[in-house]
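Starting off with a structure, shown below.
The values are calculated or read from the model by the stated rules, or taken from the named source; none is laboratory data. No experiment lies behind these values; they were computed from the predicted model shown. Using ideal geometry, Cβ is built from the backbone for each residue, glycine included, and neighbour counts are taken over all protein chains shown.
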């Protein structure tokens, strides 16, 4: 017989794919009723905890995370030995809370217990990514690809390839994953990722096409609504962009969306509306903190550009010690720059551009720091790279990047002095020789002297 809503949600989870939100709701209701009657069923507690985590991720409602932790710990208490399913659930929960050190601990414990259980490796890869451990990501992905080659593994491979800067490979994997995805939610997630790749290449029209395709597949896919708003703003369709962002925030009030919408309002000179969104961001971060979510990076970026840069530096230094990813390195470098610590800022910005994905934001941050330090050649190169990668990367910073390039102007003619041999010094005057003693003229060089 055809699967019911709860069965479909379980099948999606078994395939490593997101379930449709209505199916997930039914599954949660069924498992809650079951564990009330059978409190010793460790597997049902683990399934319930994992479903709470996914529900919280999909709706940006962090109130589900304490429920998830209680359910997963009950599963581990009921079955303390050999419970890889609950350990994996704890790793996914820690990733959702941006506690990547905790996620690594839980996921590695699950892998040690059951190394052939492929569904643990996505959580381990997410943890390594959050910690900036590229080698760990690579080894875990190789093992995962040996254990499974389904659509969810293709999608995760595409994301890893994107982080490495392999955009063509990433797009190919994600398109294959979208074609093979069985459920609408899984298909939407893949199409959204392809749209993100188009956006990062500076192609808002193509990105918009993929975001809209994702929403056709799954109208509840809120990240695609925010992506649609970003693309519409870049295309000059401002009213539509605002409506799309507002719709995304109503359905999924994520702090990142509030920051993007606030900066869009600010770029339109709508200061009161921008301040209102920044207040939403602060309130949301505070609320998520009560539920164990770590939003230090997004709050640090916000404070660096719109608040107290020195407080942002303190916040992001601590976060970098916990999670030294390229994203946190970029945020810390930018905050240091805003606080007037350019030399130290460049160290972190360089780390972000070398170890992170190809990002217009990362390149601009590094170039602006270099310009402040008087390294105009490097600044010209990196700010120009940002505008080539995506001239619409930020409604506030992209215009500043254009102004910076105009201020830097063209590079001086002749290139850097160190590319050429030093000019020879004039020989001191000497007594002229008789014609018979004159030395033969040297044969002219046919090639340039090497430095």
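Residue by residue through the stretch 332-353, note down the ones that are farther than 14 Å from residue 313 by Cβ and surrounded by 24 or more Cβ atoms within 10 Å (Cβ to Cβ).
Filtering the stretch 332-353 down to residues farther than 14 Å from residue 313 by Cβ leaves 346, 350-353.
Across the stretch 332-353, the qualifying residue is only 352.
Continuing with the same structure: Here are the criteria: (1) on the phi < 0 side of the Ramachandran plot; (2) under 31 Å from the mean Cα position of the chain (by Cα). Tell me which single one residue 16 does not satisfy.
(1)
Grab the helices (runs of 4 or more DSSP H) fully contained in the stretch 86-194, keeping just those with 2 or more residues being buried (at least 22 other Cβ atoms within 10 Å of the Cβ), without any contact (Cβ under 8 Å) to a residue 24 or more places away in the chain and more than 22 Å from the chain's Cα centre (by Cα).
Numbers: elements: 100-113, 121-131, 134-147, 151-164, 167-180.
Here the list is empty.
While we're here: Inspect the stretch 224-234 for any residue being farther than 21 Å from residue 256 by Cβ, out of contact with any strand residue (DSSP E or B) (no Cβ under 8 Å at 6 or more places or on another chain) and part of a helix (DSSP H, G or I) and give the result as yes or no.
Within the stretch 224-234, the first condition is being farther than 21 Å from residue 256 by Cβ, and the residues that meet it are none.
No, the stretch 224-234 has no match at all.
Residues in the stretch 12-39 that are surrounded by fewer than 20 Cβ atoms within 10 Å (Cβ to Cβ), touching a helix residue (DSSP H, G or I) at 6+ places or on another chain (Cβ under 7 Å), in a helix (DSSP H, G or I) and modelled with pLDDT under 90: how many?
3
Residues to consider are 265, 257, 278; find the one that is part of a helix (DSSP H, G or I), more than 21 Å from residue 99 (Cβ to Cβ) and over 22 Å from the mean Cα position of the chain (by Cα). Show your work before the answer.
Details: 257 fails: over 22 Å from the mean Cα position of the chain (by Cα); 278 fails: over 22 Å from the mean Cα position of the chain (by Cα).
One residue alone meets the criteria, 265.
Being surrounded by fewer than 22 Cβ atoms within 10 Å (Cβ to Cβ), free of Cβ contacts under 8 Å to residues at least 60 places away in the same chain and in a helix (DSSP H, G or I) is the filter here; which residues of the stretch 304-318 pass it? Give the steps one after another, and end with the answer.
Going through the stretch 304-318, the residues surrounded by fewer than 22 Cβ atoms within 10 Å (Cβ to Cβ) turn out to be 305-311, 314-315, 317-318.
This time we only want the ones that are free of Cβ contacts under 8 Å to residues at least 60 places away in the same chain, so: 306-311, 314-315, 317-318.
Correct list: 306, 309, 310, 311, 314, 315, 317, 318.
Could you grab me the full set of residues in the stretch 40-85 that are out of contact with any helix residue (DSSP H, G or I) (no Cβ under 7 Å at 6 or more places or on another chain), farther than 21 Å from residue 114 by Cα and either in a helix (DSSP H, G or I) or at pLDDT 95 or above (or both)?
Correct list: 59, 66, 70.
Going by the conditions given, is residue 212 in a helix (DSSP H, G or I), more than 15 Å from the chain's Cα centre (by Cα), without any contact (Cβ under 8 Å) to a residue 40 or more places away in the chain and within 27 Å of residue 363 (Cβ to Cβ)? Working first, answer last.
Values: in a helix (DSSP H, G or I): yes; more than 15 Å from the chain's Cα centre (by Cα): yes; without any contact (Cβ under 8 Å) to a residue 40 or more places away in the chain: yes; within 27 Å of residue 363 (Cβ to Cβ): no.
Here the answer is no, as residue 212 does not meet what is asked.
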